[in-house]
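Report on the following structure.
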Amino acid sequence: YILAQKQILIYMKPEGVLLYVYFFGSTLLLPMAHPGRVLDLDGIQLSILIASAIMTMVSYLSFAEALRHVEASRIGVVVSLGPLLTLASVRLGAMIFPVILVPEPLNIVSAAGALLVVVGSMLGSFGKREV
């Protein structure tokens, strides 16, 4: 995905890619969507929905900008650690707020997979850097 994205950025600006992603994604999901339910949201829920949309756009544009300046393999290392940071954050949050958050149960296969991701990321960071 990252290599394809890097190639697309040669021909398009990140904003254009994001426009296409949102347009085609919303077109594909529209038959299953219920847009009227947005009107049923209270103020907090609506603000969370808007904040999520804005954060998605900002994070994608930041990701696309990073792709312009950093080699794809380095970005792949960072992206692969994202889910692990999420799991760790939820586990920490569950310790602080046990009534609100429940950590994801991990079995031995999940733990081994997480370990392989960390080891792979470490090995990827040892690669030769081009100046």
The condition of being in contact with a Leu (Cβ under 9 Å, 6 or more places away or on another chain) and hydroxyl-bearing (Ser, Thr, Tyr) holds, among SER89, SER121, only for SER121
Positions within segment 15-37 being open to solvent by less than 100 Å² (accessible area, probe 1.4 Å) and within 17 Å of GLN5 (Cα to Cα), in sequence order:
GLY16, VAL17, LEU18, VAL21, TYR22, GLY25
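Residues checked against (1) β-branched (Val, Ile, Thr); (2) open to solvent by 70 Å² or more (accessible area, probe 1.4 Å); (3) within 19 Å of the chain's Cα centre (by Cα):
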| site | (1), (2), (3) |
| --- | --- |
| TYR60 | no, no, yes |
| VAL70 | yes, no, yes |
| GLY76 | no, no, yes |
| THR86 | yes, yes, yes |
| ARG91 | no, yes, yes |
| PRO98 | no, yes, no |
| PRO105 | no, yes, no |
What number of residues within segment 107-123 are open to solvent by 100 Å² or more (accessible area, probe 1.4 Å) and either within 18 Å of ILE2 (Cβ to Cβ) or not in a helix (DSSP H, G or I) (or both)?
1
Taking ILE44 as the residue in question, decide whether it is β-branched (Val, Ile, Thr), modelled with pLDDT of 80 or more, within 30 Å of LEU19 (Cβ to Cβ) and surrounded by fewer than 11 Cβ atoms within 10 Å (Cβ to Cβ).
yes
Is it the case, given these coordinates, that ALA64 is in a helix (DSSP H, G or I), touching a Pro at 6+ places or on another chain (Cβ under 8 Å) and open to solvent by less than 90 Å² (accessible area, probe 1.4 Å)?
yes
Listed by first then second residue, the pairs whose first member lies in segment 35-46 and is free of Cβ contacts under 8 Å to residues at least 60 places away in the same chain, whose partner is surrounded by 10 or more Cβ atoms within 10 Å (Cβ to Cβ), with beta carbons under 7 Å and at least 6 positions apart or on separate chains, are LEU41/LEU49
Take the residues of segment 68-99 that are at pLDDT below 85 and not in a helix (DSSP H, G or I): which is nearest to GLU15 (Cα to Cα)?
VAL70
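The values are calculated or read from the model by the stated rules, or taken from the named source; none is laboratory data. Just so it is clear, the structure is predicted and the values come from calculations on it, not from any experiment. Neighbour counts run over all protein chains shown; Cβ positions are idealised from the backbone, glycine included. Ligands, DNA and RNA are excluded from the accessible area calculation, which covers all protein heavy atoms including side chains. Shrake-Rupley method; radii C 1.70, N 1.55, O 1.52, S 1.80 Å.
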